[in-house]
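The values are calculated or read from the model by the stated rules, or taken from the named source; none is laboratory data. Not measured: the values here are computed from a predicted model. Positions of Cβ are backbone-derived with ideal geometry, glycine not excepted, and every protein chain shown enters the neighbour counts. Just the protein is used for accessible areas: all its heavy atoms, side chains included, with ligands, DNA and RNA removed. Shrake-Rupley method; radii C 1.70, N 1.55, O 1.52, S 1.80 Å.
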Amino acid sequence: YSLPRRIDSLHPPTFNNRDTLQHDMTTSSSSSGSSMSYLLQNLNNVTILLHGSRPTLHIKNIHNCHIYVTEPTLGPVHLTNCHSSEIRCSCYQLRIHDSSQVKFGVWVRSGPIIENCKEMVFEGDYYSGDDVVGKNMYWDVKDFNWLRTLRKSPNFVVVIASDEGGGLK
């Protein structure tokens, strides 16, 4: 297991002619970097396209970001303090803490886990490549702050794909 790798060490952001940070970055991992975990943190108004597989992905302190992971993360994806963003990924486990207004397009082997979150949206329409084994459990969200088993948590919505019956769950 390797320590998470800071995204700004891969491709530093550039400045445009008004000295404001330009946040459109594309990252690509090489074959030697595929065994390294990644850390994306302290990002605002960023669009990231992350290629290659990795054992884990950590996302912390992001706001108004779009993160697209093009190949499966072999283990868990951890999100903490993420707001008003969109995440698209495939992973073994998805754990989300202290976040709000995040839309997920995911393929996840076990149901997503949320804690101290609100206004989350889960869709299962992202990755389903040949190397994916098992069923997409994006709909089986577990809210650790909602212990009522007979009533659905108000902190998330699951959007069922049209080929699965469509609509909200």
Positions within the stretch 60-97 being closer than 16 Å to residue 108 by Cβ, open to solvent by 40 Å² or more (accessible area, probe 1.4 Å) and of a type in the set (D, E, K, R), in sequence order: 71, 95
Residue satisfying all of: in the stretch 138-155; part of a loop (DSSP other than H, G, I, E, B) and either touching a His at 6+ places or on another chain (Cβ under 6 Å) or of a type in the set (Lys, Arg) (or both); modelled with the highest pLDDT among these: 152
From the options 123, 115, 71, residue that is closer than 23 Å to residue 157 by Cβ and touching a Gly at 6+ places or on another chain (Cβ under 7 Å): 123
Residues located in the stretch 110-129, provided they are out of contact with any Asp or Glu (no Cβ under 6 Å at 6 or more places or on another chain) and either touching a residue at least 60 places away in the same chain (Cβ under 8 Å) or surrounded by 17 or more Cβ atoms within 10 Å (Cβ to Cβ) (or both): 112, 113, 117, 120, 122, 123, 124, 125, 126, 127
Residues of the stretch 35-59 satisfying the condition of being farther than 14 Å from residue 86 by Cα and surrounded by fewer than 22 Cβ atoms within 10 Å (Cβ to Cβ): 35, 36, 37, 39, 41, 42, 51, 52, 53, 55, 56, 58
Exclusive hit being β-branched (Val, Ile, Thr), at pLDDT 95 or above and more than 11 Å from the chain's Cα centre (by Cα), set 113, 96: 113
Verdict on residue 9 being at pLDDT 50 or above and among the polar types (S, T, N, Q): no
